[in-house]
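K.L.:
Questions regarding the structure given below will be posed in turn.
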Amino acid sequence: MKPERGPLRVALLGCGVVGSEVVRLLNEQADDLAARVGTPLELAGIAVRRPERVRAGVDPRLVTTDAQALVTRDDVDIVVEVIGGIEPARTLMLEAMKSGKSVVTANKALLAEDGATLFAAAREYGADLYYEASVAGAIPLLRPLRESLVGDHVHRVLGIVNGTTNYILDQMDSAGAGFNEALEEAQALGYAEADPTADVEGFDAAAKAAILAQLAFHTPVTAADVHREGITEVSAADVADAKGMDCVVKLLAICERVPSLDGRNGRGVSVRVYPAMIPRTHPLASVREAYNAVFVEAESAGSLMFYGAGAGGAPTASAVLGDLVAVARNVVGGTPGPVEVTYAKLPVLPMGETVTRYYIHLDVTDEAGVLATVAEEFARHEVSIQAVRQVGLGEEAQLVVVTHRAPDAALSAVVEGLRGLDSVREVASVMRVEGEE
Ligand code: HSE
């Protein structure tokens, strides 16, 4: 019989919105968690920068400003990092693993920038590194990709992974609001931060896309590899145009395995974040307000959709606690969990090689030969047109063209060409179209 082991001691780094919720759950659910793990989980210490700001319900005797000392203490078994940012989080997690502790983190920015260093340390020191909370908050997504689908072949991950931008675009769609008005509302409701750059410019979604692509395709991907476009240029007219095509505009994180002509392993991967039109019949179109959802397409499993709250203290703490229990069970069992494998080493392809579709709205002069001239520009770049709609407005006309799938480089060359035509007064709107044709 195994000897009874004592409690597992947990060090918490950071005690803000998520950290204080982790403390509350650890206290309130102590008995259940002990039963699930097989031994109690005890807080050994909580490292914060400003102890005077620690919230009610947090035992002040546990609070320290010396995070460095806490993560290497002999009586600590597991470190939970919810500080965020690159440093000092990276150094603290590396120190923790080096001194034999496993780590649970919600730090998407660090994983997307320098996950390789952390994974190498986990391997070297036999530590667990779990990070479910780093992408899409409460939604169980990384564990399904890392464990449940590890025997399958994932082709594509298509997700709404940023709640703030989904809220803004949803308001633009449902209330006809402009971008600035919808952003102000999101800020008033606490979805968007005072400086909304990370959300509206797509940085947050790009970090999440890098983490998802790395897991889905077993290949190293960093945030810098991700093609990124935000939603600040999306206009009320774009959203109205999308409606006219029975589509909705969403900020999508797209991770795709790009097949080679003859092999199944693929020529590379495409990882990108941008606003795109998707048909209202697509499951992601029904994701409203600040919710997140991720659609996964795998060879044998087919299509799967994961949906839920992507942010907030309690949902994120749920994911952190789930990881903490999983890691604690591994410690009790004496067997570390799965380590990251990036054996595939597929190249991340440039955006120009990504195959997609465009929606293009042109203001043109309404006279003989204009349609032919415009069509000639598409033909010149071997881009096939799927649909054309024209509305005559006296001397000018609005021309809406939707293409078939083509390399992004060819599609953007068409747009450049159209801008140079005398008969084109303005390229009023260009947006990619995703989802099945
Ligand atoms: N700011 C993010 C969002 C949550 O709006 O979804 C944290 O990643």
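The values are calculated or read from the model by the stated rules, or taken from the named source; none is laboratory data. Every value quoted in this text rests on a predicted model; they were computed, and no experiment measured them. As a convention, Cβ positions derive from the backbone with ideal geometry for all residues, glycine included, and neighbour counts pool all protein chains shown. These accessible areas exclude ligands, DNA and RNA; they are computed on the full protein's heavy atoms, side chains included. Shrake-Rupley method; radii C 1.70, N 1.55, O 1.52, S 1.80 Å.
K.L.:
What residue among Asp204, Asp363, Asp128 has the largest mean-square fluctuation in a Gaussian network model of the chain, using Cα springs under 10 Å?
P.N.:
Of Asp204, Asp363, Asp128, the most mobile in the Gaussian network model is Asp363.
K.L.:
Evaluated at 4 °C with a viscosity of 1.567 mPa s, what Stokes-Einstein diffusion coefficient in µm²/s does the range 179-227 have when Rh comes from the Kirkwood expression over alpha-carbon pairs?
P.N.:
Calculated translational D: 107 µm²/s.
K.L.:
Okay, next question. For the modelled label position 7 Å from the Cα of Glu181 along Cα-to-Cβ, which residues of the range 217-256 have backbone nitrogen atoms closer than 14 Å?
P.N.:
Label zone hits: 235-240.
K.L.:
Next question. I'd like to compare 57-64, 176-183, 165-172, 390-397: which one has the highest average count of other Cβ atoms within 10 Å, and what's the full order after that?
P.N.:
On the way: 57-64: 13.5, 176-183: 17.8, 165-172: 25.6, 390-397: 12.0.
The most tightly packed comes first, giving 165-172, 176-183, 57-64, 390-397.
K.L.:
When the chain is modelled as a GNM with alpha-carbon springs shorter than 10 Å, which of Ala109, Ala326, Ala194 fluctuates the most?
P.N.:
Ala194
K.L.:
Under Stokes-Einstein, with the Kirkwood radius over Cα pairs standing in for Rh, what whole-number D in µm²/s applies to the chain at 20 °C and 1.002 mPa s?
P.N.:
The estimated diffusion coefficient comes to 91 µm²/s.
K.L.:
Hey, got the dipole for the chain? About the Cα centre, +1 on K and R Cβ, -1 on D and E Cβ, debye to the nearest 20?
P.N.:
Computed about the Cα centre, the dipole is about 1660 debye.
K.L.:
Apply 1/(1 + (r/R0)^6) to the Cβ-Cβ distance of His218 and Glu436, taking R0 = 30 Å, and write down the FRET efficiency to the nearest 0.05.
P.N.:
Once the sixth-power term is evaluated, E becomes 0.70.
K.L.:
Something else: Could you give the length gained on full extension between Arg49 and Ala116, defined as 0.36 nm per residue of separation minus the Cα-Cα distance, in nm?
P.N.:
Extra length from Arg49 to Ala116 when fully extended: 21.4 nm.
K.L.:
Suppose R0 equals 51 Å; then what is the FRET efficiency for Ala236 and Glu299 from their Cβ-Cβ distance, rounded to the nearest 0.05?
P.N.:
Numbers: r = 40 Å, r/R0 = 0.79.
Efficiency, rounded to the nearest 0.05: 0.80.
K.L.:
Going down the list Lys208/Lys243; Lys108/Lys243; Lys101/Lys345; Lys208/Lys345, which pairs span over 25 Å between their C-alpha atoms? If you can, show how the numbers build up before the last one.
P.N.:
On the way: Lys208/Lys243 28 Å; Lys108/Lys243 33 Å; Lys101/Lys345 29 Å; Lys208/Lys345 19 Å.
Exceeds cut-off: Lys208/Lys243; Lys108/Lys243; Lys101/Lys345.
K.L.:
Add -39500 (n - 2.57) for each DSSP H run of 4 or more in the chain, then divide by its residues: what number comes out at 222 nm, to the nearest 500 deg cm²/dmol? Please list the in-between numbers first.
P.N.:
On the way: 13 runs with 148 residues, N = 437.
About -10500 deg cm²/dmol.
K.L.:
Order the peptides 399-410, 144-155, 95-106 from the highest to the lowest mean number of other Cβ atoms within 10 Å of their residues. Intermediate results must be reported in sequence, preceding the final value.
P.N.:
Details: 399-410: 18.2, 144-155: 16.5, 95-106: 22.9.
Sorting 399-410, 144-155, 95-106 by mean packing, highest first, produces 95-106, 399-410, 144-155.
K.L.:
Between the range 349-372 and the range 242-297, what is the separation of their alpha carbon centroids in Å?
P.N.:
20 Å
K.L.:
Would you please state which residues of the range 298-322 a label at Leu189 would reach in this model, taking the label point 7 Å out along Cα→Cβ and a backbone N cut-off of under 19 Å?
P.N.:
Zone members listed by number: 307-316.
K.L.:
Take peptides 423-435, 30-42, 246-258, 74-86 and line them up by average Cβ neighbours within 10 Å, highest first, as a rough protection proxy.
P.N.:
With the highest mean Cβ count within 10 Å placed first, the list reads 246-258, 74-86, 423-435, 30-42.
K.L.:
Summarise the accessible area of the range 13-87 (1.4 Å probe, protein heavy atoms) by the percent that is carbon and sulfur.
P.N.:
On the way: 1830 of 3940 Å².
Answer for the range 13-87 is 46 percent, counting heavy atoms of protein chains only.
K.L.:
Tell me which DSSP H helices of the chain clear both cut-offs, 18 Å or more of axial length from alpha-carbon atoms and a mean Kyte-Doolittle hydropathy of at least -0.5.
P.N.:
108-125, 203-217, 313-333
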